[in-house]
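Presented below is the structure to which this report refers.
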Amino acid sequence: MKLKQVVEIGKCLSNQTRVEILEWLKNPEANFPPNESGISNKEGVCVGNIQEKTGLSQSTISTYLGSMERCGLLHMVRNGKWSYFSRNEETIQEFIRSIQ
């Protein structure tokens, strides 16, 4: 992993809500209601469900999720106008190895 990506991930993880989102997405079926679209929570959790659980505004959550996706912590899948997020376990493990 390049140092720039390590630093960007570190910035993302310096925010408590972003860390909580990663924790919740580790076991999405236990932490979020089922998606109404038919997409399973294992495939990705709807932004609206994440926003509701945090209690923050939609624009704040979109900013958080976007930065987490750009640095590689999350995968995003679109289904129509809806976006669904899941953890990128490969990048998370690579980040852990990089800082050990």
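The values are calculated or read from the model by the stated rules, or taken from the named source; none is laboratory data. Source: prediction; values computed, not measured. Cβ: placed from backbone, ideal geometry, glycine included. Neighbour counts: every protein chain shown. Only protein heavy atoms, including side chains, enter the accessible area calculation; ligands, DNA and RNA are left aside. Shrake-Rupley method; radii C 1.70, N 1.55, O 1.52, S 1.80 Å.
Descriptive notes on the structure:
- If you go through the stretch 69-82 and keep only what is under 18 Å from LYS42 (Cβ atoms) and within 11 Å of the chain's Cα centre (by Cα), you end up with GLU69, LEU73, LEU74, HIS75, MET76.
- Scan of the stretch 24-38 for residues that are in contact (Cβ under 8 Å) with a residue 24 or more places away in the chain and open to solvent by 30 Å² or more (accessible area, probe 1.4 Å), ordered by number: TRP24, LYS26, SER37
- Test: residue in the stretch 53-67 that is assigned to a helix (DSSP H, G or I), hydroxyl-bearing (Ser, Thr, Tyr) and closer than 26 Å to GLN100 by Cα: yes
- Residue that is nearest to VAL7 (Cα to Cα) [pool: residues in the stretch 68-90 that are in a helix (DSSP H, G or I) and without any contact (Cβ under 8 Å) to a residue 60 or more places away in the chain]: MET68
- Residue match in the stretch 62-69 (condition: touching a Cys at 6+ places or on another chain (Cβ under 7 Å) and either open to solvent by less than 30 Å² (accessible area, probe 1.4 Å) or at positive phi (or both)): yes
- When residues of the stretch 36-46 are limited to those that are at pLDDT below 95 and either in contact with a helix residue (DSSP H, G or I) (Cβ under 7 Å, 6 or more places away or on another chain) or of a type in the set (Val, Ile, Thr) (or both), the one nearest to ARG87 (Cα to Cα): LYS42
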